[in-house]
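Working notes, beginning with the structure itself.
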Amino acid sequence: MNLFLTGTDTNVGKTYVAARLVKALRNAGRSSVGFKPICCGPRDDAEALHAAAGGAVSLNDVNPVWLRPPLAPYTAAMIEDRMIDLALIHETFARLRSDHESVIVEGVGGWRVPITSDYFVSDLAADFGLPVVVVVANRLGSLNHALLTVESIRARGLECAGIILNQTFEPTDEAEIATSTNAVVIEELLKVPILTKVGYGQENLTLDWHQA
């Protein structure tokens, strides 16, 4: 299984989900690694994916482009006065895919985050040609964000293979109505399967492999 994980926004738990996907696949006997093409700010995301694969590949292969400012790649690259090496990203991805049964790619930020002035996360996903899975923070407001993201994926001519709902905060009674109904409503409105729901602090992830 190869997937491109995008999010409805930053801080929706893409890395949390991606790392647990890699672990679940490896526990199932598959040669799986994570790939974070671009990190902006601390390299924690790449390090988490590196650890999830048990160091099967180098940190620089997990994350070939690292920009220190915690901003969108286009903005961070302007501040560092450097060009983002798209060729290196594509070359690294091709090598990982040829060497491993499964590559879980984690995008940076949301679906329309700019990498250069005319190249976006959506373009990177199209170049990789992988099924797109959207990580959605399971909270009030998720419906709007999920609808907009999936509509944009489809407008790009790509298919959304599924959605992963991630509980990013400890649940409260006040939020329970939204978090308990989001999955049903999203599936009904978008006709996209919910591949799994990740509970707050959940370590082991079970994915509906057949739907993915």
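Values for this structure:
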{"quantity": "Yes/no for Arg26 being in contact with a strand residue (DSSP E or B) (Cβ under 7 Å, 6 or more places away or on another chain) and either under 23 Å from Val134 (Cα atoms) or in a loop (DSSP other than H, G, I, E, B) (or both)", "calculated": "yes"}
{"quantity": "Any hit, segment 90-99, residues being out of contact with any strand residue (DSSP E or B) (no Cβ under 6 Å at 6 or more places or on another chain), farther than 25 Å from Arg20 by Cα and basic (Lys, Arg)", "calculated": "no"}
{"quantity": "Residue count for segment 15-32, restricted to those that are under 11 Å from Leu49 (Cβ atoms), surrounded by fewer than 24 Cβ atoms within 10 Å (Cβ to Cβ) and in contact with a Ser or Thr (Cβ under 6 Å, 6 or more places away or on another chain)", "calculated": "1"}
{"quantity": "Selection count where residues are open to solvent by 30 Å² or more (accessible area, probe 1.4 Å) and either closer than 28 Å to Ser32 by Cα or of a type outside the set (Lys, Arg) (or both), scope segment 44-84", "calculated": "25"}
{"quantity": "Some residue of segment 89-105 being under 26 Å from Leu148 (Cβ atoms) and either at pLDDT below 95 or open to solvent by 10 Å² or more (accessible area, probe 1.4 Å) (or both)", "calculated": "no"}
{"quantity": "Residues of segment 29-56 classified as in contact (Cβ under 8 Å) with a residue 40 or more places away in the chain and assigned to a helix (DSSP H, G or I), total", "calculated": "2"}
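The values are calculated or read from the model by the stated rules, or taken from the named source; none is laboratory data. None of these values were measured; they are calculated from a predicted model. So basically every Cβ, Gly included, is an ideal-geometry build from the backbone, and we count neighbours across all protein chains shown. Heads up: the accessible areas ignore ligands, DNA and RNA and are worked out on the full protein's heavy atoms, side chains in. Shrake-Rupley method; radii C 1.70, N 1.55, O 1.52, S 1.80 Å.
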